[in-house]
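Written below as structure tokens is the structure these notes are about.
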């Protein structure tokens, strides 16, 4: 079973998850369930850059479907998916398409290339 690390930035109202090289779909789903049973934040950043194992389209859809269902509890919040490489970027865009919602107040998902870039963007856009 893969591992994930979690960092909470209380000032920014964000949690950052970093997946290690052995993390997989089941690890992400378990952590999502745990997160939504606890204190929620406006922003959730998930860093996929460290994983070696590629997630399949079905696994991405499972994660996206769970996020869309659970994400209703975080209306107006943002999920930030951090990836590297063209393939991962394309898969992250698939994830965004699966989580997209026509509801203007719904949870939004964006894709970034690094955690630093994501946190900088969130700090600059805190007013949203």
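Overview of results
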item	result
Radius of gyration, Dmax [the range 28-127; alpha carbons; angstrom]	12.9, 36
D_trans [Stokes-Einstein, Kirkwood Rh over alpha-carbon pairs] for the range 32-85, 25 °C, 0.890 mPa s, µm² s⁻¹	199 µm²/s
Residue among 38, 50, 90 with the largest mean-square fluctuation in a Gaussian network model of the chain, springs linking Cα atoms under 10 Å	38
Part-to-part distance (alpha-carbon centres) for the range 3-33 and the range 80-98, which is given in Å	16 Å
Alpha carbon Rg of the range 1-48, scaled by the compact-globule rule 2.2 N^0.38 Å	1.11
Antiparallel bridge percentage (DSSP; both residues within the chain; nearest 5)	30 percent
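Every read-out reported here was derived from the displayed coordinates using simple, explicitly stated rules and does not represent laboratory data. All values reported here derive from a predicted model rather than from experimental measurement.
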